[in-house]
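*Asks:* I have a structure I would like to understand better, so I am pasting it below and will then ask my questions one at a time.
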Amino acid sequence: MSNRTFTMLKPDAVGNNYIGPILAKMNEAGFRIVAMKYTRLTPERAGEFYSVHKERPFYKDLVNYMSSGPIVAAILEKDNAVEDFRKLIGATDPAKAEKGTIRNLFAKSIEANAVHGSDSDENAAIEGNFFFSAFERF
Ligand code: IDP
Ligand code: MG
């Protein structure tokens, strides 16, 4: 069990001015920010980030969407971070996300679903390294 996970606030969340409310939910749930940046993915970088999904029918749209505007990338710390954070964000499809979860509160659609959360300790490390150098985490 690792104590870190990786998240992105996706272009819909940033575009709707939900950065503050979403970060507040994360902090209230006990997650501490150890790295953060406001940035934008090129289509190439978005494609690389989601390369595990490249055979899926939604991949091309997802890459276009994730490079359509700015995002906030962050590494978060808490005991049992990966599992607890997936519970906090809720199901991929906001229509199926439990009440009070971040996707239930802030997401628009299964694609524009407000936030990313790593699905394993291994991927949390890979994804954190995709955005941050050792100097940028605390
Ligand atoms: P997750 O973000 O809950 O882990 P994944 O299955 O890993 O969900 O999918 C990655 C992202 O791809 C989702 O967060 C969502 O933005 C998008 N996505 C997943 N399934 C669909 C779909 O059926 N249609 C459109 N976009 C999807
Ligand atoms: Mg996933």
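Nothing in this text is a laboratory measurement; each read-out follows from the coordinates by a stated rule. All of these numbers come straight from a predicted model, not from anything done at the bench. Positions of Cβ are generated from backbone atoms using ideal geometry, with glycine treated the same way; all protein chains shown enter the neighbour counts.
*Asks:* When all C-alpha to C-alpha distances in the range 73-138 are sorted into bins of 10 Å, what percent of pairs does each bin hold, rounded to whole numbers?
*Replies:* 22, 45, 29, 5
*Asks:* So what's the net charge close to Tyr59: Lys and Arg +1, Asp and Glu -1, counting the other residues with Cβ under 15 Å from its Cβ?
*Replies:* -1
*Asks:* Using the Cα centre of the range 46-104 as the reference point, and only Cβ charges (+1 on K/R, -1 on D/E), how large is the resulting charge dipole? Debye, rounded to the nearest 20.
*Replies:* Dipole magnitude for the range 46-104 comes out near 220 debye.
*Asks:* For the chain, what class follows from the C-alpha gyration tensor (a ≥ b ≥ c being the square roots of its eigenvalues): rounded when a/c is under 1.5, otherwise prolate if a/b is larger than b/c, else oblate?
*Replies:* Since a/c stays below 1.5, the shape of the chain is classed as rounded.
*Asks:* Counting Lys +1, Arg +1, Asp -1, Glu -1, what net charge surrounds Val82 among other residues with beta carbon under 13 Å of its beta carbon?
*Replies:* Charge balance in the 13 Å sphere: -4.
*Asks:* Another question about this same structure. Would you tally the net charge around Asn3, using a Cβ to Cβ cut-off of less than 15 Å, leaving Asn3 out, and scoring K and R as +1, D and E as -1?
*Replies:* -1
*Asks:* Moving on. Among the listed pairs Lys37/Lys96; Lys25/Lys54; Lys25/Lys108; Lys10/Lys60; Lys54/Lys78; Lys54/Lys99, give every one whose C-alpha distance is greater than 27 Å.
*Replies:* Too far apart for the 27 Å limit: Lys37/Lys96; Lys25/Lys54; Lys54/Lys78; Lys54/Lys99.
*Asks:* Same structure, new question: Can you tell me the order of 65-71, 33-39 when each peptide is scored by its average per-residue count of other Cβ atoms within 10 angstrom, highest first?
*Replies:* With the highest mean Cβ count within 10 Å placed first, the list reads 65-71, 33-39.
*Asks:* So, one more: What does the highest-first list of 131-138, 44-51, 76-83 look like by mean Cβ count within 10 Å?
*Replies:* 76-83, 44-51, 131-138
*Asks:* Hey, what's the per residue convex hull volume over the C-alpha atoms of the range 49-95, in cubic angstrom?
*Replies:* Taking only Cα atoms, the range 49-95 has a hull volume of 118 Å³ per residue.
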